[in-house]
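In what follows, a structure is listed as structure tokens, so that the remarks can point back to it.
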Amino acid sequence: MASVSEFYAGKCVLITGATGFMGKVLVEKLLRSCPEVKALYLLIRTKQGQSSQQRIHTMLQSKLFDRLREENPDFHKRIIPVSSELTQPGLALSDEDVQTLTQSVHIIFHCAATIRFDEPLKHALQLNVIATQQLLCLAQQMQQLHAFIHISTAYANCNRRHIDEVIYPPPVEPGKLIHSLEWMDDAIVHDLTPRLIGDWPNTYTYTKALAECVVQQESGKLNIGIIRPSIVGASWQEPFPGWIDNFNGPSGVFIAAGKGILRTMRASNDAVADLIPVDVVINLTLAAGWYTAVHRPKSAMVYNCTTGGINPFHWGEIEHHVMLTFKRNPLEQAFRRPNANITSNYLIYQYWILVSHKFPALLYDLFLRLSGQKPQMMRIFNRLHKAIGLLEYFSSQDWEWNSDNMNMLMNQLSTEDRKVFNFDVRQLNWPEYIESYCIGTKKYVLNEDMADIPAARQHLRKLRNIRYTFNTVLLVFIWRVFIARSQMARNIWYFVVSLCFKFLSYFRASSTLTK
Ligand SMILES: CCCCCCCCCCCCCCCCCCCC(=O)SCCNC(=O)CCNC(=O)[C@H](O)C(C)(C)COP(=O)(O)OP(=O)(O)OC[C@H]1O[C@@H](n2cnc3c(N)ncnc32)[C@H](O)[C@@H]1OP(=O)(O)O
Ligand SMILES: NC(=O)C1=CN([C@@H]2O[C@H](COP(=O)(O)OP(=O)(O)OC[C@H]3O[C@@H](n4cnc5c(N)ncnc54)[C@H](OP(=O)(O)O)[C@@H]3O)[C@@H](O)[C@H]2O)C=CC1
């Protein structure tokens, strides 16, 4: 049987969402590990005045492609950008492009989606469900298509505790919802959203559940694979450890904690933190493309791509390793020294929000006002609170995913493919991974130079001295106010001072005697 890279040789691959976090890693890995692949058709919309060609050109300059550029400088020749706005009828493809795609594409990887938790339902439905439906419709017309791989999420069924590798019945018939929302204006949909999404925490997970159902309904004779990654984090090994380029999921939390802004968050210490490195997800996705095309399973195969059941790690442990890493490798211009704690107790959480977030923000904004600058800290904290509020659902509980298909797929690979397309998360060393993840946020998200770490450490020492001074002044001030008002406080104060004095005299006398 052909190996994975032999299978992709001479094949034309269509990818949506190629400019996104996972899409980029997919493009890079496909070109690097399957160098004989014929062409990658990337469906890209124009954005901020940039055409799809210009956007690809910019994307390929990024550090992510450094290794590939070195190994194969001509790699870009296999990339064919196709202008497409997925929320438009017919995916806004030109007739010419439809013809090319239907004649030549062999495998589709559908990654595009809106992953915002606060996306208005109509838009989330348009992109995550209707666009998927349209892409499947296009796929049905493709003459040589071997496999359609849909990227879903492990949280599409987060209303359940135990999640098998099956497509569950949808919360509502997708077609009916699409028709009902068509005539409603945005305000009505907004008011109805909580009722519609029911047990789901946001429009993202809800529409991803509907999308899976659409994939099943519209699959016809297509060979379908559905990949359900959990919380996708920085790369573990490839193209280099720690690569990450966004603030989504835990990355923003790590950065905010490293900068000393975030001091507390609601999460359960003992809940499993189901992070999965992006390169693991992409390796599994490519292997699933191969398996689906070669074995043509009768019904859609679902792959829960998670770590919790195989190599569990908990939020409490993540907190410990994140703090350790940022103390050793501080971020530049930190607001305060990194010191964050997670708690599942609502009252304790509110207390720390007040004392460690709001109070310092107020003080800092006061300082900014007094020095003639625009206050900004309270605004930053309000946004941070909104973001961590949206993540809380995922960090405060855990789920149990069955990953039999992931294990089955691994057993189907040759020894060589298991190395090249490694998704064996038993080998993942969590403390090492979390360290390289945090360093990755510093290097690739914040573009900070590792050579500037001594200066960042110096800045932390300065912040520590400011804190000591501030605390001492505050203590003396409070005590002075207290002493002025209470006879008992004065008596305690005189007692403590005389005790110290006596101790000092005794210490001096005994040291003179011993000389
Ligand atoms: C206490 C420390 C120790 C840590 C241990 C505990 C950690 C617990 C972490 C728990 C994490 C749990 C994560 C669970 C996620 C599971 C979900 C399922 C997985 C998936 O299937 S999909 C991926 C998940 N999707 C997301 O993560 C998207 C979530 N984001 C949003 O919905 C929106 O961004 C949000 C939060 C509503 C904010 O919207 P808005 O205010 O409109 O801001 P923008 O998004 O437009 O961003 C503007 C600007 O700010 C940057 N940004 C975004 N987020 C952050 C952040 N957290 N910190 C700093 N900066 C951030 C963003 O990049 C934009 O910058 P520009 O330069 O582009 O303007
Ligand atoms: N990140 C994670 O933690 C997880 C992600 N997933 C799933 O993985 C997939 C990829 O996620 P991720 O890479 O993180 O997401 P990103 O937000 O990074 O990327 C989304 C991609 O979709 C494209 N896109 C969005 N809207 C349109 C549109 N109207 N027309 C054309 N293209 C569009 C974006 O293009 P543009 O650059 O033009 O905006 C971008 O390329 C998604 O299906 C998501 O549900 C699943 C589990 C976890």
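The values are calculated or read from the model by the stated rules, or taken from the named source; none is laboratory data. Source: prediction; values computed, not measured. Please note: Cβ atoms are built from the backbone with ideal geometry, for glycine as well, and neighbour counts cover all protein chains shown. For the accessible areas, the whole protein counts, side chains as well, though only heavy atoms, and no ligand, DNA or RNA atoms are used. Shrake-Rupley method; radii C 1.70, N 1.55, O 1.52, S 1.80 Å.
Please go through (1) within 16 Å of ligand 2 (Cβ to nearest atom); (2) within 30 Å of residue 376 (Cα to Cα) for residue 261 and return the number of the only condition it doesn't satisfy.
Against the list (1) within 16 Å of ligand 2 (Cβ to nearest atom); (2) within 30 Å of residue 376 (Cα to Cα), residue 261 comes up short only on (1).
Do you know which residues across the stretch 17-48 are of a type outside the set (S, T, N, Q), within 16 Å of ligand 1 (Cβ to nearest atom) and open to solvent by 10 Å² or more (accessible area, probe 1.4 Å)?
Scanning the stretch 17-48 gives 17, 20, 21, 22, 24, 47.
Let me confirm something: among 88, 53, 61, which residue is polar (S, T, N, Q), free of Cβ contacts under 8 Å to residues at least 40 places away in the same chain, closer than 21 Å to residue 214 by Cα and open to solvent by 80 Å² or more (accessible area, probe 1.4 Å)? Working first, answer last.
Values: 53 fails: closer than 21 Å to residue 214 by Cα; 61 fails: closer than 21 Å to residue 214 by Cα.
None of the other options fit; the residue is 88.
Restricting attention to the stretch 129-153, and to residues there that are under 26 Å from residue 7 (Cβ atoms) and among the small types (Gly, Ala, Ser), which single residue is farthest from the chain's Cα centre (by Cα)?
Once the filter is applied, the top-ranked residue is 139.
Tell me, yes or no, whether the stretch 110-123 has at least one residue that is in contact with a helix residue (DSSP H, G or I) (Cβ under 9 Å, 6 or more places away or on another chain), assigned to a strand (DSSP E or B), surrounded by 15 or more Cβ atoms within 10 Å (Cβ to Cβ) and not acidic (Asp, Glu). Reasoning before the result, please.
Narrowing the stretch 110-123 to residues in contact with a helix residue (DSSP H, G or I) (Cβ under 9 Å, 6 or more places away or on another chain): 110-123.
Now narrow it down to the ones that are assigned to a strand (DSSP E or B): 110.
Restricting the remaining residues to those that are surrounded by 15 or more Cβ atoms within 10 Å (Cβ to Cβ) gives 110.
Now narrow it down to the ones that are not acidic (Asp, Glu): 110.
The answer is yes; a qualifying residue exists.
Is it true that some residue in the stretch 8-21 is in contact with an Asp or Glu (Cβ under 9 Å, 6 or more places away or on another chain), of a type in the set (A, V, I, L, M) and farther than 28 Å from residue 421 by Cβ?
no
For the stretch 388-402, what are the residues that are part of a loop (DSSP other than H, G, I, E, B) and either of a type in the set (Ser, Thr, Tyr) or touching a Pro at 6+ places or on another chain (Cβ under 7 Å) (or both)?
396
Take the residues in the stretch 62-112 that are within 15 Å of ligand 2 (Cβ to nearest atom) and out of contact with any strand residue (DSSP E or B) (no Cβ under 8 Å at 6 or more places or on another chain), then tell me which one is farthest from residue 147 (Cα to Cα).
Per the stated criteria, the residue is 62.
Could you tell me which of the residues 167, 130 is more than 13 Å from ligand 1 (Cβ to nearest atom), touching a residue at least 12 places away in the same chain (Cβ under 8 Å), in a helix (DSSP H, G or I) and out of contact with any Lys or Arg (no Cβ under 9 Å at 6 or more places or on another chain)? Talk me through it step by step, then tell me what you get.
Numbers: 167 fails: in a helix (DSSP H, G or I).
Going through 167, 130 in turn, just one is more than 13 Å from ligand 1 (Cβ to nearest atom), touching a residue at least 12 places away in the same chain (Cβ under 8 Å), in a helix (DSSP H, G or I) and out of contact with any Lys or Arg (no Cβ under 9 Å at 6 or more places or on another chain): 130.
Being in contact with a Pro (Cβ under 9 Å, 6 or more places away or on another chain) and of a type outside the set (D, E, K, R) is the filter here; which residues of the stretch 326-360 pass it? Break it down into steps so the answer makes sense when it comes.
So in the stretch 326-360, the residues in contact with a Pro (Cβ under 9 Å, 6 or more places away or on another chain) come out as 326-327, 330-331, 335-338.
Once the filter is applied, which keeps residues that are in contact with a Pro (Cβ under 9 Å, 6 or more places away or on another chain) and of a type outside the set (D, E, K, R), the stretch 326-360 yields 326, 330, 331, 335, 338.
Please tell me if residue 332 is among the charged types (D, E, K, R), open to solvent by 20 Å² or more (accessible area, probe 1.4 Å) and within 11 Å of ligand 1 (Cβ to nearest atom).
Against the criterion (among the charged types (D, E, K, R), open to solvent by 20 Å² or more (accessible area, probe 1.4 Å) and within 11 Å of ligand 1 (Cβ to nearest atom)), residue 332 does not qualify.
Mind checking whether some residue in the stretch 236-251 is open to solvent by 10 Å² or more (accessible area, probe 1.4 Å), on the phi > 0 side of the Ramachandran plot and either touching a Leu at 6+ places or on another chain (Cβ under 8 Å) or among the acidic types (Asp, Glu) (or both)?
Scanning the stretch 236-251 turns up at least one residue that is open to solvent by 10 Å² or more (accessible area, probe 1.4 Å), on the phi > 0 side of the Ramachandran plot and either touching a Leu at 6+ places or on another chain (Cβ under 8 Å) or among the acidic types (Asp, Glu) (or both).
Which numbered condition trips up residue 14, out of (1) surrounded by fewer than 20 Cβ atoms within 10 Å (Cβ to Cβ); (2) within 24 Å of residue 152 (Cα to Cα); (3) not β-branched (Val, Ile, Thr)?
Only one criterion in (1) surrounded by fewer than 20 Cβ atoms within 10 Å (Cβ to Cβ); (2) within 24 Å of residue 152 (Cα to Cα); (3) not β-branched (Val, Ile, Thr) is unmet by residue 14, namely (1).
Identify the single condition in (1) under 19 Å from residue 219 (Cα atoms); (2) open to solvent by 50 Å² or more (accessible area, probe 1.4 Å) that residue 185 does not satisfy, given that it satisfies every other one.
Among (1) under 19 Å from residue 219 (Cα atoms); (2) open to solvent by 50 Å² or more (accessible area, probe 1.4 Å), residue 185 violates only (1).
Conditions (1) of a type outside the set (A, V, I, L, M); (2) open to solvent by 40 Å² or more (accessible area, probe 1.4 Å); (3) free of Cβ contacts under 8 Å to residues at least 40 places away in the same chain; (4) closer than 22 Å to residue 453 by Cβ, marked per residue:
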residue	(1), (2), (3), (4)
279	yes, no, no, no
288	no, no, no, no
292	yes, no, no, no
308	yes, no, no, no
323	no, no, no, yes
336	yes, yes, no, yes
344	yes, yes, no, no
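Quick check on the stretch 218-237. Is at least one of its residues within 18 Å of residue 276 (Cα to Cα) and more than 13 Å from ligand 2 (Cβ to nearest atom)? Give the steps one after another, and end with the answer.
As a first pass, look at the stretch 218-237 and keep what is within 18 Å of residue 276 (Cα to Cα): 226-237.
Subset that is more than 13 Å from ligand 2 (Cβ to nearest atom): 236-237.
Yes, because at least one residue in the stretch 218-237 is within 18 Å of residue 276 (Cα to Cα) and more than 13 Å from ligand 2 (Cβ to nearest atom).
When you go through (1) open to solvent by 50 Å² or more (accessible area, probe 1.4 Å); (2) without any contact (Cβ under 8 Å) to a residue 40 or more places away in the chain one by one for residue 375, which number turns out not to apply?
Result: residue 375 passes all but (1).
Of the residues that make up the stretch 79-95, is at least one in a loop (DSSP other than H, G, I, E, B) and closer than 24 Å to residue 421 by Cβ?
no
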